[in-house]
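To keep things clear, I will list the structure first and then write my remarks on it.
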């Protein structure tokens, strides 16, 4: 047992040490064909691919000097053994304060989902919750180990949005303010309706502020309005995340952490939480597609606008189209041309829009008995896919 813990600790250190190494291009220099995605300046995209229940499209655009968005799509076994349930896993990890936590989650969360699904003999909401909390514990352990060497790792965190399709069921888990939206065709009107599936944990939501006040009744400054933006303790907009150790454990809210992150008073209970809100529902024949995206997209597009774009567009490259529409709107808000916005390099680009990650999953097979048989047939034809989108240097592997 001790040997396995040492090996795990070493692998986690490698993940984070890679994040702290300076990079000239925000990722590896490798470029691939469509099988590994394509690059267009700060935009990376995978126009189309196949997953267990249909097709998918992915796109990422970088705005920060170091890309803080990471993402993944896994299609195939959802346990550590081939005999277990198969399906599709999607993760959107929107980092803040740096890319370290998002990259860590990208490497560890799906592994933990498979571990607990194996122990549980199947997928469930509890499996996903346990995986979130296990990933959180691993990251906080790493922060403790690296505290004296890299204290600023205590101030980085990541929102975490997960979608799992398994046995005709759809699981949506969220901690933070990324969003999952379903496109459903109404039977009566035949119109495509946008249905938000994820609960958001952002202090801009009155319900989130009320929850925080109930959890911290003796803290009048648990949420603070600064420059017309609500922030938890005046520091951060999200109320749930993986990481952000400085707001979860008082031992990290002191020197050598930068003063701007330190609270004037110590705290007994965590200010932020890592447990996700999980929604579970059966996939119906009317359910056509899912849009998973970091908040950078939703700053510029409403749920219905995004659904309408997907519904009225060719599947091939539709995630890239959503990203480009958001970028055009960001340019318009600043009264500039889209072509001029594209010329602005990373870092400076963050003044115009955030990192944006989009994954669109089309649902070509549904939760009926006959379609469950079709999913089994489809999985026998499609090799398992593991695709991680993190801008330049993203890639795909096939088992």
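Yes/no matrix, rows are residues, columns are (1) assigned to a strand (DSSP E or B); (2) at pLDDT 50 or above; (3) loosely packed, with under 12 Cβ neighbours inside 10 Å:
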{"site": "336", "(1), (2), (3)": "no, yes, no"}
{"site": "340", "(1), (2), (3)": "no, yes, yes"}
{"site": "346", "(1), (2), (3)": "no, yes, no"}
{"site": "358", "(1), (2), (3)": "yes, yes, no"}
{"site": "365", "(1), (2), (3)": "no, yes, no"}
{"site": "371", "(1), (2), (3)": "no, no, no"}
{"site": "377", "(1), (2), (3)": "no, no, yes"}
{"site": "386", "(1), (2), (3)": "yes, yes, no"}
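Checking residue 261 against (1) under 24 Å from residue 93 (Cα atoms); (2) modelled with pLDDT of 95 or more; (3) in contact with a helix residue (DSSP H, G or I) (Cβ under 7 Å, 6 or more places away or on another chain), which test does it fail?
(2)
Looking at (1) farther than 30 Å from residue 87 by Cα; (2) touching a helix residue (DSSP H, G or I) at 6+ places or on another chain (Cβ under 6 Å); (3) surrounded by fewer than 17 Cβ atoms within 10 Å (Cβ to Cβ), which one does residue 156 not meet, given that it meets all the others?
In the conditions (1) farther than 30 Å from residue 87 by Cα; (2) touching a helix residue (DSSP H, G or I) at 6+ places or on another chain (Cβ under 6 Å); (3) surrounded by fewer than 17 Cβ atoms within 10 Å (Cβ to Cβ), residue 156 misses (3) alone.
So, of the residues in the range 196-221 that are touching a helix residue (DSSP H, G or I) at 6+ places or on another chain (Cβ under 8 Å) and closer than 20 Å to residue 97 by Cα, which turns out to be surrounded by the fewest Cβ atoms within 10 Å (Cβ to Cβ)?
If we take residues in the range 196-221 being touching a helix residue (DSSP H, G or I) at 6+ places or on another chain (Cβ under 8 Å) and closer than 20 Å to residue 97 by Cα, then 202 is surrounded by the fewest Cβ atoms within 10 Å (Cβ to Cβ).
What are the residues in the range 48-74 that are modelled with pLDDT of 95 or more, more than 16 Å from residue 353 (Cβ to Cβ) and in contact with a helix residue (DSSP H, G or I) (Cβ under 7 Å, 6 or more places away or on another chain), if any?
Scanning the range 48-74 gives 57, 58, 70, 72, 74.
Out of the residues in the range 95-111 that are in contact (Cβ under 8 Å) with a residue 40 or more places away in the chain and within 18 Å of residue 164 (Cα to Cα), state the one that is surrounded by the most Cβ atoms within 10 Å (Cβ to Cβ).
It comes out as 105.
Which of the residues that make up the range 312-333 are in a helix (DSSP H, G or I) and more than 19 Å from residue 346 (Cα to Cα)? Show your work before the answer.
Step one: filter the range 312-333 for residues in a helix (DSSP H, G or I), giving 318-333.
Listed by number, the residues that qualify are 318, 319, 321, 322.
Looking at residue 270 and the list (1) at pLDDT below 95; (2) closer than 18 Å to residue 140 by Cα; (3) surrounded by 13 or more Cβ atoms within 10 Å (Cβ to Cβ), which single condition is not satisfied?
Unmet condition: (1).
Could you check how many residues of the range 67-104 are out of contact with any strand residue (DSSP E or B) (no Cβ under 7 Å at 6 or more places or on another chain) and farther than 24 Å from residue 360 by Cα?
Going through the range 67-104 one residue at a time, the tally reaches 6.
Looking at (1) out of contact with any strand residue (DSSP E or B) (no Cβ under 6 Å at 6 or more places or on another chain); (2) under 26 Å from residue 88 (Cβ atoms); (3) modelled with pLDDT of 50 or more, which is the one condition that is false for residue 9?
(2)
Could you list, in sequence order, the residues of the range 220-254 that are touching a residue at least 24 places away in the same chain (Cβ under 8 Å) and over 28 Å from residue 129 (Cα atoms)?
Result: 229, single match.
The values are calculated or read from the model by the stated rules, or taken from the named source; none is laboratory data. Small disclaimer: the values here were computed from a predicted structure and weren't measured. All Cβ positions, even for glycine, are placed from backbone atoms using ideal geometry, and neighbour counts span all protein chains on display.
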